[in-house]
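Asker: Can you keep this structure in mind? I'll have questions shortly.
The values are calculated or read from the model by the stated rules, or taken from the named source; none is laboratory data. All values reported here derive from a predicted model rather than from experimental measurement. Every residue, glycine among them, receives a Cβ derived from its backbone with ideal geometry; neighbour counts consider all protein chains shown.
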Amino acid sequence: MLGEIKEISKSPYLPEIAFIVAYEGLGEHELAIKSLQQACSGRETNLVFIRTWSHFDGLRDDPRFQEIERRVGLRP
């Protein structure tokens, strides 16, 4: 699946969130956090949903994830 996402990403636009979900699903938490940081730097609008999507449950305890929640405005 990750290979397919990488192939699709060569064409128009594929949100970084697709990689985050794939990496998290594979247990690649470091890569998921790095992609999450890239998405935040790129100001991806779909980050406003990270607090509610269960795809991110494995990342929630990471302080870097919590910092991104703050940067997006989902935490005080």
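Asker: Taking the residues in the range 1-60 that are outside any helix (DSSP H, G or I), farther than 19 Å from V72 by Cβ and of a type in the set (A, V, I, L, M, F, W, C) as candidates, determine which candidate is modelled with the highest pLDDT.
Answerer: Start the filter on the range 1-60 by keeping residues that are outside any helix (DSSP H, G or I), which leaves 1, 9-15, 26-28, 42-44, 50-53, 60.
Applying the additional criterion that residues be farther than 19 Å from V72 by Cβ yields 1, 9-14, 26-28.
Next cut, of a type in the set (A, V, I, L, M, F, W, C) only: 1, 14, 26.
On the way: M1: 76, L14: 77, L26: 92.
Going through the qualifying residues, I end up with L26.
Asker: Look at the range 22-45 and say how many of its residues are surrounded by 13 or more Cβ atoms within 10 Å (Cβ to Cβ) and either touching a residue at least 40 places away in the same chain (Cβ under 8 Å) or more than 15 Å from L2 (Cα to Cα) (or both). Spell out how you get there, then give the answer.
Answerer: Going residue by residue through the range 22-45, those that are surrounded by 13 or more Cβ atoms within 10 Å (Cβ to Cβ) are 22-25, 28-29, 31-40, 44.
Checking which are either touching a residue at least 40 places away in the same chain (Cβ under 8 Å) or more than 15 Å from L2 (Cα to Cα) (or both) leaves us with 33-34, 36-40, 44.
Total meeting the criteria: 8.
Asker: Same structure, new question: Taking interchain pairs and intrachain pairs at least six residues apart, which have beta carbon atoms under 9 angstrom, with the first residue in the range 52-76 and under 14 Å from Y23 (Cβ atoms) and the second among the polar types (S, T, N, Q) and surrounded by 11 or more Cβ atoms within 10 Å (Cβ to Cβ)?
Answerer: So the pair list comes out as R64/Q37.
Asker: Return only the number of the condition from (1) more than 11 Å from the chain's Cα centre (by Cα); (2) within 15 Å of A18 (Cβ to Cβ) that R43 does not satisfy.
Answerer: (2)
Asker: Another question, then. Out of all the residues in the range 46-67, which are acidic (D, E) and either in contact with a Cys (Cβ under 7 Å, 6 or more places away or on another chain) or surrounded by 11 or more Cβ atoms within 10 Å (Cβ to Cβ) (or both)?
Answerer: First pass over the range 46-67, keeping only residues acidic (D, E): 57, 61-62, 67.
Once the filter is applied, which keeps residues that are acidic (D, E) and either in contact with a Cys (Cβ under 7 Å, 6 or more places away or on another chain) or surrounded by 11 or more Cβ atoms within 10 Å (Cβ to Cβ) (or both), the range 46-67 yields D62, E67.
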